[in-house]
Amino acid sequence: MLVDGKWTENWQPVQASDAKGGFVRQISGFRHWVTPDGSAGPTGDAGFAAEAGRYHLYVALICPWASRTLIARKLKGLEHLISISVVNPRLSDHGWAFGGYPGADLDALNGASFMHQIYTKADPHYTGRATVPVLWDKKLGTIVNNESADIVRMLNSGFGDLASGPNLYPEALRSQIDALNADIYPRLNNGVYRAGFAVTQLAYEEAFDDVFSMLDSLEKRLQAGEPFLFGNAVTEADIRLFVTLVRFDAAYHGLFKCNLRRLADYAALSIYLATMMAVPGVAETVSIEHIKAGYYSIKALNPNGIVPKGPDLPGLAHVSLKAKN
């Protein structure tokens, strides 16, 4: 946790709880947007124009929010225009660190040892958590944005003709995508965290019920036979759902106590997961090794740091991103 630019205490997974003992997620602190002409986006200031080689993504392969941006970068053909750094999956007392683990990068761009140093480079008086993903502007030497939902949308449309691939947020589906996102996020994407980091039985059970009612609803929706949530084309809603599903049996089922059913027990969701994994580029953003190493390094949940050998998840082997920059 940074307070006025100073690291004040060892990293903890929960830094705020509500009146019921429920997990409260920090609001992202940098909300500028890359746009084709550098004009201001929905939030933040102008001055961040789309340019090849100007921007850099800091990500963790353990993190579902960061993985959203990696998938969008792949699907929009931006991997040769936006460089990346992958942090160590194991959370240190200083939070995210660079290097020291297979597939983790040193920070060749800014020479930082920890992610919180990237935040204080952008704002020497920053107060808050040093989270990933971070979209960094090499030209101005600052953080553009650290909100994954924003970054996915700017990767989709903010780079104009520099990008290619499918429109992940088509005009005709926007209201439906927004509505589904608004349902899935609190109940499932963040629901697993609400269950895992609850500090009271009541908060845990409410989150647990939300997680499985949402999974049941999605199972029913996908039983209609469409390959993706809105038919035959991938949208941002699929990216947001996928990153939670692919981590479910490996981390959330056991460590986060979301153990009513495994994802493998849902036939339609299992087919959907395999379909998403088969989308070109998506499998390259997944590392079960990093996912397990990261989640099981959380001392508050797993003080002895023992990483389970299972589950067996065929087709989800680690693919190094280093050659893909």
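The values are calculated or read from the model by the stated rules, or taken from the named source; none is laboratory data. Predicted model only: the values in this text are computed from it and were never measured. Glycine gets a Cβ as well: all are built from the backbone with ideal geometry, and neighbour counts include every protein chain shown. For the accessible areas, the whole protein counts, side chains as well, though only heavy atoms, and no ligand, DNA or RNA atoms are used. Shrake-Rupley method; radii C 1.70, N 1.55, O 1.52, S 1.80 Å.
Laid out as a table, the results:
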| read-out | value |
| --- | --- |
| Enumeration of residues in segment 233-253 that are over 20 Å from residue 177 (Cβ atoms) and open to solvent by 10 Å² or more (accessible area, probe 1.4 Å) | 249, 253 |
| Contacts under 7 angstrom Cβ, first residue in segment 26-47 being assigned to a loop (DSSP other than H, G, I, E, B), partner among the basic types (Lys, Arg), 6 or more apart | 26/129; 43/31; 44/31 |
| Selected residue (only one of 175, 164 is open to solvent by 30 Å² or more (accessible area, probe 1.4 Å) and in a loop (DSSP other than H, G, I, E, B)) | 164 |
| Whichever residue in segment 112-125 is open to solvent by 20 Å² or more (accessible area, probe 1.4 Å) and in a loop (DSSP other than H, G, I, E, B) and, among such residues, is modelled with the highest pLDDT | 113 |
| So residue 227, is it closer than 25 Å to residue 150 by Cα, in contact with a Ser or Thr (Cβ under 8 Å, 6 or more places away or on another chain) and not hydrophobic (A, V, I, L, M, F, W, C) | no |
| Among the residues listed as 179, 207, 172, the single one being aliphatic (A, V, I, L, M) and in contact (Cβ under 8 Å) with a residue 40 or more places away in the chain | 207 |
| Qualifying residue in segment 94-111 (condition: of a type in the set (Ser, Thr, Tyr), at pLDDT 95 or above and open to solvent by less than 50 Å² (accessible area, probe 1.4 Å)) | no |
| Residue within segment 193-215 that is within 19 Å of residue 72 (Cβ to Cβ) and either within 16 Å of the chain's Cα centre (by Cα) or not aromatic (Phe, Trp, Tyr) (or both) present | no |
| Near pairs, Cβ below 9 angstrom, 6+ apart or cross-chain, from segment 116-130 (closer than 19 Å to residue 147 by Cβ and without any contact (Cβ under 8 Å) to a residue 40 or more places away in the chain) to any residue that is of a type outside the set (Val, Ile, Thr) and open to solvent by 20 Å² or more (accessible area, probe 1.4 Å) | 121/110; 121/141 |
| Top-ranked residue in segment 49-75 [being open to solvent by 10 Å² or more (accessible area, probe 1.4 Å) and more than 17 Å from the chain's Cα centre (by Cα); ranked as farthest from residue 288 (Cα to Cα)] | 49 |
| Residue check for residue 320: within 17 Å of residue 66 (Cα to Cα), of a type in the set (S, T, N, Q) and either at pLDDT below 95 or open to solvent by 10 Å² or more (accessible area, probe 1.4 Å) (or both) | yes |
| Scope segment 10-20; condition at pLDDT below 70 and surrounded by 12 or more Cβ atoms within 10 Å (Cβ to Cβ); matching residues | 14, 15, 17 |
| Count - residues of segment 238-266 that are under 18 Å from residue 213 (Cβ atoms) and assigned to a helix (DSSP H, G or I) | 8 |
| Considering residues of segment 254-264 that are within 17 Å of residue 241 (Cα to Cα) and among the aliphatic types (A, V, I, L, M) only, the residue least open to solvent (accessible area, probe 1.4 Å) | 263 |
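Rundown of residues vs (1) in contact (Cβ under 8 Å) with a residue 24 or more places away in the chain; (2) open to solvent by less than 30 Å² (accessible area, probe 1.4 Å), yes/no style:
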site: 168; (1), (2): yes, yes
site: 199; (1), (2): yes, no
site: 225; (1), (2): no, no
site: 266; (1), (2): yes, yes
